[in-house]
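Chemist: Below is a structure I'd like to ask you about.
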Amino acid sequence: MKARLIRIAAASVLAIAVSAGIAWWQVRNAATTVESGAKTAVPIGGPFTLTDNRGRAVTDADFRGKYMLVYFGYTYCPDVCPTELGVMTQALDQLGPKSEQVQPVFITVDPDRDTVAHMNDYVALFHPRLVGLTGTAEQVRDAARAYRVYYAKAPQKDGKPEDYLMDHSSFIYLMGPDGKFVGVYPGGTGADKIAQDLSGRIAG
């Protein structure tokens with residue numbers, strides 16, 4: 001029995017690694033950075049229906065006319081999510097008036113805990129125009145699939161069941177005013193670089 005459990009655990013770890021690798025490969029082949037100008041090898045982005053942090057039903061079409069900075073994560077994330085959202089905020093601050101033409105969006109991969117009220121409190125910690133989106137597990141899954149985002153509940157050995165972590169890919173996606181994919185800023189891209197890139201794209 002013990003050997004069987006070990007094999008199951010090993011298979012689960014391998015499956016997670018393969019899934020994460022596929023998600024990474026798909027996005028990296030779409031565009032390594034926004035500046036690369038590479039054509040997408042796979043479609044990224046697309047229609048979604050979610051609920052914003054004010055409780056309103058929204059779709060991707062509600063954000064037309066502006067560039068979108070889109071990040072998938074979760075509010076209980078201890079490190080990478082607040083770091084990347086902080087980078088987005090700094091980039092928008094550096095853009096000055098041009099930032100009005102950019103809509104920052106945070107989509108949860110943990111809808112079980114990220115309720116509308118909780119998302120509303122969380123996004124307020126970063127930028128006044130940051131929109132937090134949640135929804136049903138199916139709605140979140142569909143949005144993540146459209147953006148080729150990998151996420152999964154991390155194995156938990158100790159602690160309360162509700163204190164789990166989420167494994168997920170970490171990219172800031174740039175979508176054009178027409179809703180089409182422009183490129184990605186990989187994790188660790190500095191606010192200066194993002195602001196410079198966006199400034200060059202925004203007229204005026």
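Each reported figure results from applying straightforward, stated rules to the coordinates on display, with no laboratory input. Bear in mind the structure is a predicted one, so any value in this text is a computation, not a measurement. Using ideal geometry, Cβ is built from the backbone for each residue, glycine included, and neighbour counts are taken over all protein chains shown.
Chemist: With +1 assigned to the C-beta of every Lys and Arg and -1 to the C-beta of every Asp and Glu, and no other charges, what is the dipole magnitude of the stretch 80-204 about the Cα centre in debye, to the nearest 20?
Modeler: Numbers: 12 positive and 16 negative charges, 69 e Å.
Value, rounded to 20: 340 debye.
Chemist: Could you work out how far the C-alpha centroid of the stretch 96-117 sits from that of the stretch 181-204, in angstrom?
Modeler: One Cα centre to the other: 17 Å.
Chemist: If you take every residue apart from residue 168 with its C-beta less than 15 Å away from the C-beta of residue 168, what net charge results, scoring Lys and Arg +1 and Asp and Glu -1? Let's see the in-between values first.
Modeler: Details: positive: 113, 141, 145, 148, 153; negative: 79, 84, 110, 112, 114, 167.
With Lys, Arg at +1 and Asp, Glu at -1, the net is -1.
Chemist: Among DSSP beta bridges whose residues both lie in the stretch 48-204, state the antiparallel percentage, nearest 5. Each step should come with its number before you reach the end.
Modeler: Values: 17 of 27 bridges.
Antiparallel: roughly 65 percent of the beta bridges in the stretch 48-204.
Chemist: Rank-order 187-195, 56-64 by packing density, defined as the average count of other C-beta atoms within 10 Å over each peptide's residues, highest first.
Modeler: On the way: 187-195: 15.9, 56-64: 13.7.
Highest to lowest by the protection proxy: 187-195, 56-64.
Chemist: If you plug each phi of the stretch 96-102 into the Karplus form 6.51 cos²θ - 1.76 cosθ + 1.60 with θ = phi - 60°, what whole-Hz ³J(HN,Hα) values come out, in order, with x for Gly and Pro?
Modeler: x, x, 5, 5, 5, 9, 10
Chemist: In terms of modelled amide H atoms, which long-range or inter-chain residues lie less than 5 Å from the amide H of residue 51?
Modeler: 58, 134, 135
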